[in-house]
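K.L.:
Dropping a structure here in structure tokens format, bear with me for questions.
Each reported figure results from applying straightforward, stated rules to the coordinates on display, with no laboratory input. For clarity, every value in this text was computed on a predicted model and none was experimentally measured. All Cβ positions, even for glycine, are placed from backbone atoms using ideal geometry, and neighbour counts span all protein chains on display.
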Amino acid sequence: MADNIITMADKQDHTVRHAAISNKKARFNYDILETCEAGLILVGSEVKSLRAGQASIEEAYVRFIEEKPWLIGATISPYEKAHQENHDPDRPRKLLMHQREIHRWLGKVKEKGLTIVPLKLYFGPRGFAKIQVALAKGKAMHDKRKQIRDRDMRRDLDRQMRKYK
């Protein structure tokens, strides 16, 4: 869980650091078509755990339940200093999006067989928890292999270019 944490400075106060949890596998497993920022409804102990960087969105996805977006499969570890009635780490969490975006993305997901995956979980400038979600289409295995091959070739080419500079 701790290997996918990126620290980022708050825009008002550069001394305050917030943890951002990223989903590195999403860009490898999916073709990203469109992104959007959404709010996240959390309980108090979840916010404390997120600020400590104790979360994972690797296996998470967004599902529409009664035309409302819900984040399913995200794990926010229980906060160890919280009351004995801590939050459930794997509970579904409601997302806050504009109604227009909800209807547009719901139509695309139903019609084209696309999925919505989270890319990054972070705190916005005003301290609210935000999640960057993407409308994505799954890649086939040969596309993934091609991407790995292209990345390796680019890396080798860069090494060769550095030798001659």
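K.L.:
Sort THR35, THR75 so the one with the fewest other Cβ atoms within 10 Å of its own Cβ comes first.
P.N.:
Details: THR35 12, THR75 16.
Going from least to most buried by this count: THR35, THR75.
K.L.:
Fewest to most neighbouring Cβ within 10 Å: what's the order for PHE28, PHE123? Don't jump to the answer; show the numbers that get you there.
P.N.:
Numbers: PHE28 13, PHE123 18.
Fewest-to-most Cβ neighbours within 10 Å comes out as PHE28, PHE123.
K.L.:
Let me ask something else. Sort VAL133, VAL43, VAL62 so the one with the fewest other Cβ atoms within 10 Å of its own Cβ comes first. Write out the running numbers ahead of the final one.
P.N.:
Details: VAL133 29, VAL43 15, VAL62 23.
Ranking VAL133, VAL43, VAL62 by Cβ neighbours within 10 Å, fewest first, gives VAL43, VAL62, VAL133.
K.L.:
Still on this model: Any lysines with Cα under 23 Å of the LYS112 Cα? List them, leaving off those in the same chain fewer than 8 positions away.
P.N.:
Within reach: LYS25, LYS68, LYS137, LYS139, LYS144.
K.L.:
Express in nm, to one decimal, how much length is gained between HIS142 and TYR164 on full extension, taking 0.36 nm for each residue of separation and deducting their alpha carbon distance. Present the calculation step by step, with values, prior to reporting the outcome.
P.N.:
Details: separation 22, 0.36 × 22 = 7.92 nm, distance 3.34 nm.
Full extension from HIS142 to TYR164 adds 4.6 nm.
K.L.:
Mind checking the dipole of the range 2-139: about its Cα centre, +1 per Lys or Arg Cβ, -1 per Asp or Glu Cβ, Debye to the nearest 20?
P.N.:
The calculation lands at about 400 debye.
K.L.:
From the gyration tensor of the Cα coordinates in the chain, what semi-axes in whole Å does the equivalent ellipsoid have, largest first, with each one equal to sqrt(5λ)? Working shown, then result.
P.N.:
Numbers: eigenvalues 183, 111, 45 Å².
Working from the Cα gyration tensor, I get semi-axes of 30, 24, 15 Å.
K.L.:
Only loop residues by DSSP count here, and only those with at most 13 other Cβ atoms within 10 Å; note down the GluC sites (Glu not before Pro) in the range 67-165 that meet that. If you can, show how the numbers build up before the last one.
P.N.:
Working: sites: GLU67, GLU80, GLU85, GLU101, GLU111; in loops: GLU67, GLU80, GLU85.
Passing both the DSSP loop test and the Cβ count: GLU67, GLU80, GLU85.
K.L.:
Right, another one. Between 0 and 90 degrees, rounded to the nearest ten: what's the tilt of helix 141-163 against the longest Cα principal axis of the chain?
P.N.:
For 141-163 against the chain, the angle is about 60 degrees.
K.L.:
Placing +1 on the Cβ of each Lys and Arg and -1 on the Cβ of each Asp and Glu in the chain, which of GLY44, LEU33, MET161 has its Cα farthest towards the positive end of the resulting dipole?
P.N.:
Positive-end residue among those listed: MET161.
K.L.:
Still on this model: Convex hull volume of the Cα atoms in the range 81-141, per residue, in Å³?
P.N.:
In the range 81-141, the Cα hull volume divided by residue count equals 157 Å³.
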